[in-house]
Amino acid sequence: MDKLRFGTAGIPICTKGDTLKGIGQIRKLNLDAMELEFVHSINISKEKAPEVMKAARDNNVVLTCHAPYYINLNSDDKKKYHASISYIVNSARITSLCKGWSVCFHAGYYMKTDKEKTYERIKDAVKKIVKEVKEFDDKIWIRPEISGKGSQFGDLDELIKLSRDVDGVMPCIDFSHLYARTIGENNSYKEFKLIFERVEKELGKVALENMHMHVSGIEYGEKGEKNHLILKESGFNYKELLKALKEFRVKGVLICESPNIEEDALLMQKEFNKL
Ligand SMILES: [Zn+2]
């Protein structure tokens, strides 16, 4: 990626209209990225995708996507398992037609399985996904996301390991989820630095230069994530994170998932540019 691009999870709230208008609005706000939110449904058709691609290209906006929430790659239910794979592949297919850059998803739940077994099952599923996606796009990143609760697969160790084990996979690092799932840890410059050092050491410079990240204010309880908040109402230390991002010359896309998506994205971009 050319630089660190700040963007919103979905079309900016101030947009009057659809995805196409949203992309134009991102440029008007002087942001540089937007995540297509397929979380409730894959709401862009094959026919519409070329228009979305053109809008993104004309406005120099990088597109990422968030696959549907109804995914559990560790499900015992065969139907659910295969549907989960399809959701991710189909999200990637549409994102690819929009010339999007990266697809993130919540991989699943441990349920009654132990961590090791869950890892193996999810790894097999992700391998299947990557194989299918490579048939139509060999550049798009497939990114399991750091999840906000201890009951969900996806801590930093698991995602780094998965990225090493499967070609074409990199983590989507959701710093607010990481902070919530570790009940308030991973919230200082020192800890952020350790994360970037580890990412560089284990996944290479390419990972630091192509990071897909999520940040929002967040509230957590003893089980982890409760709900998203605006940054200023949350204990999440985004200023220290921005410092570490600058220090490590991280490039890629940082998507803001606060309830006031564009305001907090702009706040972070402004703070970052001051450093
Ligand atoms: Zn997510």
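The values are calculated or read from the model by the stated rules, or taken from the named source; none is laboratory data. Being a predicted model, the structure only gives us computed values, none of them experimental. Here Cβ is always computed from backbone atoms with ideal geometry, including for glycine, and neighbour counts include all displayed protein chains. Calculation scope for accessible area: heavy atoms of the full protein, side chains included, ligands and nucleic acids excluded. Shrake-Rupley method; radii C 1.70, N 1.55, O 1.52, S 1.80 Å.
Close Lys pairs in the stretch 102-194, defined as Cα atoms under 22 Å apart and 8 or more places apart or on different chains, number 28. With each run of n ≥ 4 DSSP H residues scored as -39500 (n - 2.57), what mean residue ellipticity at 222 nm is computed for the chain after dividing by its residue count and rounding to the nearest 500 deg cm²/dmol? Estimated from H runs of four or more residues: -13500 deg cm²/dmol. In a DSSP loop and with at most 10 other Cβ atoms within 10 Å, the GluC sites (Glu not before Pro) in the stretch 77-170 are Glu135. Note on Glu271/Lys78: beta-carbon distance plugged into 1/(1 + (r/R0)^6) with R0 of 51 Å gives a FRET efficiency of 0.60. Scanning the chain for trypsin sites (Lys or Arg not before Pro) in DSSP loops with at most 14 neighbouring Cβ atoms within 10 Å leaves 140-222 as the longest stretch between them. Leaving out ligands, DNA and RNA, and with a 1.4 Å probe, what % of the accessible surface on the chain is carbon or sulfur? Here carbon and sulfur together make up 50 percent of the probe-accessible area.
Filter the GluC sites (Glu not before Pro) in the stretch 213-253 to those in DSSP coil with at most 15 other Cβ atoms within 10 Å of their Cβ, and list the result. Those that pass, being in a loop and sparsely packed, are Glu222.
The residues of the chain have, on average, 46 Å² of accessible surface per residue, using a 1.4 Å probe with all protein chains present.
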